[in-house]
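Notes follow once the structure below has been shown.
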Amino acid sequence: MNTSKLVQSQDFSTQLGRFVTDSPSSFHAVGTVGHTLLQAGYTELHEREPWDGITAGNRYFVRRDGSIIAFDVPAGTTGTTPLRIFGAHTDSPALKLKPKSSISSHGFNQVGVEVYGGALFNSFLDRDLKLAGRMVLKSGEEVLVHTGPYLRVPQLAVHLDRTVNRDGLKLDPQKHLQPITGLTGGGEHDVLADLAEIAGVNPEDIAGYDIVTVDAQEPQLIGARKEFLASARLDNLLSTFAGMRAMTELESIEGAPIALFVANDHEEVGSASRSGAAGPFLEDVLTRLYAALGASDEERRRALSGSIVVSSDVGHSIHPNYAERHDPANQPVAGKGPILKINADQRYATDARGAAFWASACAYAGVEYQEFVSNNAMPCGSTIGPITATRLGMTTVDVGVPILSMHSCRELTAVSDPYDLYRAALAVLSPEVPTNV
């Protein structure tokens, strides 16, 4: 990598790190994206209000819980104008607070948690953690809150588990992942009261909450040449940041496709929620958008048939210590560009037509990309891509960035890859790249 490209990539990854810090939960991420879009001239829509004010030549966004959708409606848009969609997700594996979360045991105050998503259990040990999320008050008001370093899951010392380095670490999530927050001698412990005090609300007014643990360590550039970004929640705030940046820097061109960015919540737990990709959020927005443009149902369906979705989520870089876990021929390397995800069982939605579009977008952006396919003995995960394709019938392609330590409390990316993904996202949304779907 030349020096100029390295400096640009480091700057972009530093900004990505700040975005991660400002977005400790999916709800905070939506708030951060929404604030950025407002500054970029977008108008916020609200689901309970009429959308008859939507007009061509303007930009809008709408939130639903931990999800957000933004779209640019260029001048000249009609009821059959197709979409260019860049999709991501806002949630990450975590430990999530249970009801009756304040507990005590053997002289220690603890919080009761359950595992959210496919977390790599051992990575949450011996890390300073904070809490973040939303509280809903009896009035219906929603309040975002986050602590500083607040809790920790201490690992059992090697002296008390002499076989751990020989036989491996075995963790029971119910017994071994309950964090400690203090000593019982320090007085009555109530985690919700602490969160209420930070948020400036009465704890008795809290009617519900969605609170998760978050790595308290700041993201930072590391490596001999600062070639890596070490950070929590790169899966998938990395793609969320790239999509947000592309939408704020996109040039609106008359007669171009409608550019749309969607960041769904709950991807890590299957997407089956009102704000997840399996829910109706995107379809609801598209139905109301085309209705506001005066499109008939037939015209809207014609528009969707000519649209394309690029679903972006992180993927696996080859691991130098575990190369045998990867496909022997397709081995993406961190720092060598974004990846095109392919799976014969459609766990990724990429097909030949979508792959061709991605190739055109990367060529237009001057970005080299790699292909990823799993080792046959190790089935891959999935993304919002196949779910979105199933719900809406649009051509969909799955892409991303190769990282190390996926689903760890702290993940690792080469700084050049998020920057290249952002450049490719701009090309995806550009009318200069033919869709051909």
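The values are calculated or read from the model by the stated rules, or taken from the named source; none is laboratory data. This is a predicted model, so every value here is computed, not measured. Counting neighbours? That spans all protein chains shown, and the Cβs are built from the backbone with ideal geometry, glycine included. Just so you know, the surface numbers come from the protein's heavy atoms only, side chains and all, with ligands and any DNA or RNA stripped out. Shrake-Rupley method; radii C 1.70, N 1.55, O 1.52, S 1.80 Å.
Hey, if you put +1 on the Cβ of every Lys and Arg and -1 on every Asp and Glu Cβ in the range 324-365, which of A352, P332, A363 ends up farthest toward the positive end of that dipole?
Selected residue: A363.
About its Cα centre, how strong a charge dipole does the chain have in debye, to the nearest 20, once Lys and Arg get +1 and Asp and Glu get -1 at the Cβ?
660
Output the antiparallel fraction of DSSP beta bridges having both residues in the range 1-106, as a percent to the nearest 5.
Once the DSSP bridges in the range 1-106 are tallied, antiparallel ones form about 70 percent.
What share of Cα pairs, in percent, lie more than 18 angstrom apart in the range 1-104?
So the pairs more than 18 Å apart make up 65 percent of the total in the range 1-104.
Highest GNM mean-square fluctuation, the chain, Cα pairs closer than 10 Å: which of E114, E371, E324?
Taking springs between Cα atoms under 10 Å, the residue moving most is E324.
Please compute the length gained on full extension between N436 and D351, using 0.36 nm multiplied by the number of residues separating them and subtracting their Cα-Cα distance.
Length difference between fully extended and current span is 29.3 nm.
Convert 25 °C to kelvin, take the viscosity as 0.890 mPa s, use the Kirkwood radius over C-alpha pairs of the range 339-437 as Rh, and evaluate the Stokes-Einstein diffusion coefficient in µm²/s, rounded to a whole number.
So the translational diffusion coefficient is about 171 µm²/s.
For the range 1-128, with the dipole built from +1 on Lys and Arg beta-carbon atoms and -1 on Asp and Glu ones, taken about the Cα centre, which of S9, S25, N109 lies farthest toward the positive end?
N109
With every protein chain left in place, what is the accessible area per residue of the range 297-381 in square angstrom, probe 1.4 Å?
Normalised by residue count, the accessible surface of the range 297-381 is 52 Å².
Mind checking which of L304, L129, M244 is farthest towards the positive end of the chain's charge dipole, using Cβ charges of +1 (Lys, Arg) and -1 (Asp, Glu) about the Cα centre?
L129
If you look at just the Cα atoms of the chain, how large are its Rg and its Dmax in Å?
Radius of gyration, then largest Cα-Cα span, for the chain: 22.3, 71 Å.
With every protein chain left in place, what is the accessible area of T184 in Å² (1.4 Å probe, nearest 10)?
For T184, solvent-accessible area is about 60 Å².
Please give the length that would be gained between D128 and L160 if that part of the chain were fully extended, namely 0.36 nm times their separation in residues minus their C-alpha to C-alpha distance (nm, one decimal).
9.3 nm
For the range 162-254, state the average projected area of the convex hull of the C-alpha atoms over all orientations, rounded to one decimal in nm².
Its Cα hull, projected and averaged over all orientations, spans 14.1 nm².
Could you give the size of the charge dipole of the range 195-238 about its Cα centre, using +1 on the Cβ of each K and R and -1 on the Cβ of each D and E, expressed in debye and rounded to the nearest 20?
420
May I ask you to give the solvent-accessible area per residue for the range 186-268, in square angstrom, as obtained with a 1.4 angstrom probe?
That works out to 40 Å² per residue.
Using a 1.4 angstrom probe on heavy atoms only, work out the carbon and sulfur share of the accessible area of the range 279-437 in %.
47
Could you pull the Rg and Dmax for the range 72-162, using just the Cα atoms, both in Å?
21.2, 71
How far, in degrees from 0 to 90, does helix 3-22 lean away from the longest principal axis of the Cα atoms of the chain, to the nearest 10?
60
Measure up K96/K170; K96/K336; K138/K170; K98/K170 against 31 Å on the Cα-Cα distance and list the ones that go over.
K96/K336; K138/K170
By DSSP, what percent of the beta bridges with both residues in the chain are antiparallel, rounded to the nearest 5?
Taking every DSSP beta bridge within the chain, about 70 percent pair in antiparallel fashion.
What is the magnitude of the charge dipole of the range 308-384 about its Cα centre, with +1 placed on the Cβ of each Lys and Arg, -1 on the Cβ of each Asp and Glu, and no other charges, expressed in debye to the nearest 20?
Dipole magnitude for the range 308-384 comes out near 80 debye.
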